[in-house]
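The block underneath contains the structure these notes are about, expressed in C-alpha cells.
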Amino acid sequence: MNAFIDARAIPTGTILQPDVAIIGGGPAGITLALALAQTPLKVMLFESGGMEFDAKTQALYAGKVAGVSYLPLDASRMRYLGGGSNHWGGWCRPLDPIDFERRDWVRYSGWPFGIRELQPYFRRAQALVEAGPWSYDRSTKPMAEVAEPLALGSGGVYTSWFQFSRQRDSVLPTHFGERYASDLKRVANLKLFLHANATHLSLAPNAARLDHCEISTLNGRKFSVKARATVLALGAIENARLMLASRDVASGGVGNGNDLVGRFFADHPIPRDTATLVSFAGDIPGYYFNAYDLNGALVRPAFAPRDDFKRNSKVLGSLTTVENAVELDEVGKAAVITTALSLGVDASNAKAYSVGCGLELEPDPERRVTLTSDRDILGLPRLKLSNLISDSDFARYRMTMRELGRQLLAARSGMMRLNLKSREGWLAALDWGDHHLGTTRMHVDPKQGVVDADSKVHGLSNLYVSGSGVFPTYSASNPTMNLVALTLRLADHLKREMR
Amino acid sequence: MNQPRLSRRTMVASGGIAAALGAAALGLTLPRWLSHRYAPTPYDDLLATLVDREQAARLGAVARASLPSFSARAAARELRQRFEQRDLAEVLDADIREGRIAEIGGWLLPDSLAQLCTLAAG
C-alpha cells in the first residue's frame with residue numbers, strides 16, 4: 001500500500017519526474033489513475049485538497065459570475081479528493097448517438113468521432129460509478145410489469161431511463177475519493193499527492209511541449225513536475241483557468257492560440273416546475289418520483305425526445321422528470337374536465353404533477369470564463385464566468401413539451417400545462433446542474449477546438465485534458481458516467497502512445 | 001234519464017294515473033328548468049357538442065382574455081368545416097394526429113376544443 005503523500009512536506013525546489021502527471025483528483029483524475037495501474041508507467045496524481053472539505057482550499061475556487069444567475073464558483077464545485085463526485089446526485093445516462101453528430105440546426109455541433117468510439121468504455125464506466133447492471137432503456141418492459149407506465153401515443157417523445165450511482169449498495173452516489181482511496185493506495189505505480197495545487201503550466205521555449213507544471217501548497221512550498229505526459233483533470237472551469245493563467249511563453253495562455261480556451265462553457269439548466277402533467281386515471285406509479293431497484297439497477301423514467309424528432313423539429317436534448325403532486329386551480333380543473341369529457345375519458349380521479357427537466361444548451365462561444373485582475377492566495381488570477389442562455393434554448397424545449405402533451409392526449413392518458421412562457425419566468429425558475437462543460441472543446445481543427453480527438457491539446461505534444469470540459473456539445477445526459485468513459489478511452493491512448 | 005255515474009274506484013284510479021303522469025312530466029322537465037339556460041347564439045350547433053359547457057366556458061374565458069381580436073364568426077366557420085360529417089371525437093382525433101394543438105393558459109388541448117371553449121365563453 002502506498003500512503004497518500006502530503007505535498008506540504010515536499011521540499012521547495014523538488015523536481016518530480018513521472019511518466020504521467022495527472023492534475024486533479026476528481027472522477028476523471030481518479031479514473032485515469034486507476035486505468036493506468038499495472039502498466040510500466042510511473043504515474044503521479046496531484047490533488048489540491050485533502051480527504052475532506054477545507055474552507056481555505058475551497059476558497060481558491062472563488063470568482064465572479066456575470067449574466068444569467070449562477071451558483072457562486074466556489075459553491076458549484078468541491079475541492080478535495082473526489083472533486084465533483086463529492087456533491088453529485090448520482091444520475092447516470094449514456095450520451096445518445098445524435099449527440100456526436102454534426103447537426104445543421106446546432107451551431108458548432110459535431111464530435112470528432114461517433115458513439116461507437118465510446119461504447120467499449122461505457123460498461124467499465126458504469127462499473128466505476130457503481131450504477132448497477134446496464135439497464136437504461138432496457139428498463140421499459142420489466143418496469144411495465146412492475147406497474148403500468150403513463151401511456152404515450154406514438155410521436156417524438158419516449159420514456160427513457162436514468163440509472164443511479166450508489167456506493168457499495170448504499171443509497172449514496174459514489175464519492176470517488178472516499179470510495180477509491182484504498183484502491184488508489186494499492187496501485188504500485190502511482191503516487192498520489194494531497195494539498196498540491198497546480199499554479200502554472202510552463203511551456204518549453206519553442207511552445208511545442210509542456211516542460212513542467214508548477215505546484216504550490218498553502219503552507220508555502222513550491223515544487224515542479226516534469227512529466228512525459230501531463231493530463232489536466234481539474235474540471236472544466238479550473239482547467240481553463242490554469243491554461244489561461246500560464247502566459248509566460250504563449251501570451252494568450254497555453255493552448256489558446258486561437259482564443260478558444262474558456263469559451264463554450266456550458267452547464268445543464270434545470271428549470272423547476274416547467275409544466276404540470278395530469279394523469280386522467282389518477283396516481284401514476286411511484287417509480288416516476290423515486291428510483292426503483294430493478295435487479296440491482298436503480299432506475300427512474302424521464303421523457304426524452306427521439307433522435308428523429310430532434311432532427312425534424314430542430315430541437316436539442318432534454319430529459320423531463322415527474323417531480324411531485326400538485327393541486328389544480330379552477331381553470332386547471334375546467335381544462336381537465338372539458339378535455340377528458342370531450343375525449344370520452346373518465347377523469348374523476350385525475351391527479352396533477354409538477355414536471356422538471358434538464359436541458360441541453362446550444363454551444364455559445366460567448367458563454368465563457370475569463371481571467372480577472374483579482375488573484376487567490378497562491379497568486380493565480382481568479383475567474384469571471386459570463387453566463388448566457390438564449391431564448392431559443394427555452395423555445396426548443398417548449399416544442400418538446402408540446403409534443404409530449406400531444407402524445408398524452410393521443411393516448412387519452414392525460415394532458416399538460418406549460419407553466420413557463422416569458423424569459424423572466426424561465427429565468428426565475430432556473431437552477432443549474434453544476435455540470436461544467438465545454439471550456440476546452442474537442443475538435444480536429446485547431447481553429448475550432450482546444451484539444452484533438454485524443455484529448456491532446458492542439459500544438460502541444462504532451463499535454464492532455466480530461467473530463468467534460470472537452471465535450472464539444474453537451475447532450476442532456478448527466479456528464480459523470482460519460483466523462484469517465486471518455487477518460488478510460490484516453491487511458492488506452494496513453495498506454496499506446498507511451499509504450 | 002239516468003246519467004252514467006263514475007264509481008269511486010274509477011275516480012281514485014284515474015286520479016292516481018293523472019298524478020303519476022304529472023309527476024313524470026315534471027321529472028322530465030325539471031332538470032331543464034333548474035340547469036343553466038344559455039341565451040341563443042349563432043353557434044349553438046357547435047356548442048351543443050360540448051359535454052360540460054359551463055366548464056368549457058370557464059376555460060374559454062382565459063383564451064378570450066388573451067385573444068382580444070378573436071373572431072367568433074371565423075372560428076365557427078373553421079369549426080363547421082372540420083365538423084362536416086364528423087363528430088367531436090373524430091375532429092379531436094384529427095387535431096391530435098395532425099399536431100393542431102392549442103394553448104389556453106398554458107393548457108395544451110386539441111385546437112378544435114380550444115376554439116369551442118373560446119366560443120362558449122361568449
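Here, each number is a calculation from the coordinates, and none is a lab measurement. Here the structure is a predicted model, which means the values were calculated and not measured. Quick reminder, even Gly has a Cβ in these numbers, built from the backbone with ideal geometry, and neighbours come from all protein chains shown.
Counting each pair of different Cα atoms once, what's the Kirkwood radius of the stretch B:36-98 in Å, rounded to one decimal? Mind showing how you got there, number by number?
Working: mean 1/r = 0.0767 Å⁻¹.
Kirkwood radius, the stretch B:36-98: 13.0 Å.
Please average, across the residues of B:107-117, the number of beta carbons from any other chain that are within 10 Å of each residue's own beta carbon, and give a whole number.
Taking all residues of B:107-117 together, the mean is 6.
Using the C-alpha gyration tensor of the stretch A:277-328, what are the square roots of 5 times its eigenvalues, in whole angstrom, with the largest one first?
Each semi-axis is the square root of five times an eigenvalue, giving 24, 18, 9 Å.
Percent of Cα-Cα pairs more than 34 Å apart in the protein assembly as shown, please. Mind showing how you got there, number by number?
Values: 97595 of 192510 pairs.
Looking at the protein assembly as shown, the distances longer than 34 Å represent 51 percent of pairs.
Using only Cα atoms and rounding to the nearest 10 degrees, what angle (0 to 90) does helix A:119-128 make with the longest principal axis of chain A?
Approximately 80 degrees, to the nearest 10.
So how do A:Met498, A:Met1, A:Met44 line up by other beta-carbon neighbours within 10 Å, fewest first?
Listed from fewest to most nearby Cβ atoms, that is A:Met1, A:Met498, A:Met44.
What aspartates and glutamates could a cross-link reach from A:Lys333, if we take a straight Cα to Cα line under 14 Å and drop same-chain neighbours fewer than 8 places away?
Partners within reach: A:Asp346, B:Asp52, B:Glu54.
Going by C-beta contacts inside 10 Å, put A:Phe113, B:Phe70, A:Phe4 in order with the fewest on the left.
A:Phe113, B:Phe70, A:Phe4
Test of understanding: ordering A:Thr440, A:Thr174 by Cβ neighbours within 10 Å, fewest first, what list do you get?
A:Thr174, A:Thr440
Give me the inter-chain shielding for A:343-349: mean count of other chain Cβ atoms within 10 Å, whole number please.
Taking the mean over all residues of the peptide, I get 2.
Taking a cut-off of 19 Å between Cα atoms, list the aspartates and glutamates near A:Lys314, but don't count ones fewer than 8 places away on the same chain.
A:Asp96, A:Asp99, A:Glu101, A:Asp104, A:Glu360, A:Glu362, A:Asp364, A:Asp391, A:Asp393, A:Glu403, B:Glu98
Nearest 10 degrees, 0 to 90: what angle lies between the long axis of helix A:176-186 and the longest principal axis of chain A (Cα atoms)?
For helix A:176-186, the angle is close to 40 degrees.
Counting alpha carbon pairs within less than 8 Å and at least 6 residues apart, what relative contact order, in whole percent, applies to chain A?
24
To test your reading of the geometry: what angle, between 0 and 90 degrees and rounded to tens, separates the Cα axis of helix A:236-245 from the longest principal axis of chain A?
40
At a threshold of 8 angstrom on Cα-Cα distance, excluding pairs fewer than six apart, so keeping six or more, what relative contact order does the stretch A:77-213 reach in percent? List each step's numbers first, then the result.
Working: 134 pairs, mean separation 35.9, N = 137.
26 percent.
Pairs to check: A:Lys141/A:Lys456; A:Lys42/A:Lys222; A:Lys64/A:Lys456; A:Lys310/A:Lys447. Give those whose C-alpha atoms are more than 31 Å from each other in this structure.
A:Lys141/A:Lys456
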